[in-house]
Amino acid sequence: QVQLVESGGGLVQPGGSLRLSCAASGTTLSIYVMVWYRQAPGKQRELIAEVTTGGSTNYADSVKGRFTISRDGAKNTVALQMNSLKPEDTAVYYCNGRRVTGATYWGQGTQVTVSS
């Protein structure tokens, strides 16, 4: 059974940093396009960062230059390094993995709150 579990969320002051991690069990993440989404209260879930199986990355304009997505094959994890955090980054952050076959998996989400 494939499971994705996010960790690393919490409360941080504006301008601070957090590092989210998505750990997998039951599969290897190297065969998935890995994506971080977020959903703020009252808003739709939005894609913020993705990394392909080949290592190419893509970011939403709202986080470009501040967030970095990366894989750790040895640990079978995908991380999201978030710097220069803003109050508008407050949301539940979700890890998603999808294959070309159409199979897709979601984590349960981790809360990130940026507030002074």
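Listed values, structure above:
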{"quantity": "Paramagnetic reach from Thr53 (point 7 Å along Cα→Cβ, amide N under 16 Å) across the stretch 72-116", "calculated": "73, 97-105"}
{"quantity": "Gln3 versus Ser115: modelled label distance in nm, points set 7 Å from Cα along the beta carbon direction", "calculated": "3.0"}
{"quantity": "Probe 1.4 Å, accessible area per residue of the chain, Å²", "calculated": "52"}
{"quantity": "Protection-proxy order for peptides 23-31, 87-95, each taking the mean of Cβ atoms within 10 Å per residue, highest first", "calculated": "87-95, 23-31"}
{"quantity": "Contact order normalised by residue count of the chain, Cα under 8 Å, 6+ apart, percent", "calculated": "37"}
{"quantity": "Solvent-accessible area, 1.4 Å probe, carbon plus sulfur percent, for the chain", "calculated": "48"}
{"quantity": "Reachable lysines, given that their alpha-carbon falls under 18 Å from the alpha-carbon of Lys43 and they are not under 8 places away in the same chain", "calculated": "Lys86"}
{"quantity": "Charge dipole (the stretch 28-116, unit charges on Cβ, about Cα centre) - positive-most of Ala103, Tyr93, Gly54", "calculated": "Ala103"}
{"quantity": "Whole-angstrom gap from the stretch 21-62 to the stretch 69-116, using each part's C-alpha centre", "calculated": "6"}
{"quantity": "Summed side-chain charge close to Gln39 - residues other than Gln39 whose Cβ falls under 10 Å, Lys, Arg +1, Asp, Glu -1", "calculated": "+2"}
{"quantity": "Dipole magnitude of the chain about its Cα centre (Cβ charges: Lys, Arg +1; Asp, Glu -1), debye to nearest 20", "calculated": "80"}
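The values are calculated or read from the model by the stated rules, or taken from the named source; none is laboratory data. This structure is a prediction, so every number in the text was calculated from the model and none was measured. Glycine gets a Cβ as well: all are built from the backbone with ideal geometry, and neighbour counts include every protein chain shown. In case anyone asks, the SASA skips ligands and DNA or RNA and just uses the protein heavy atoms, side chains included. Shrake-Rupley method; radii C 1.70, N 1.55, O 1.52, S 1.80 Å.
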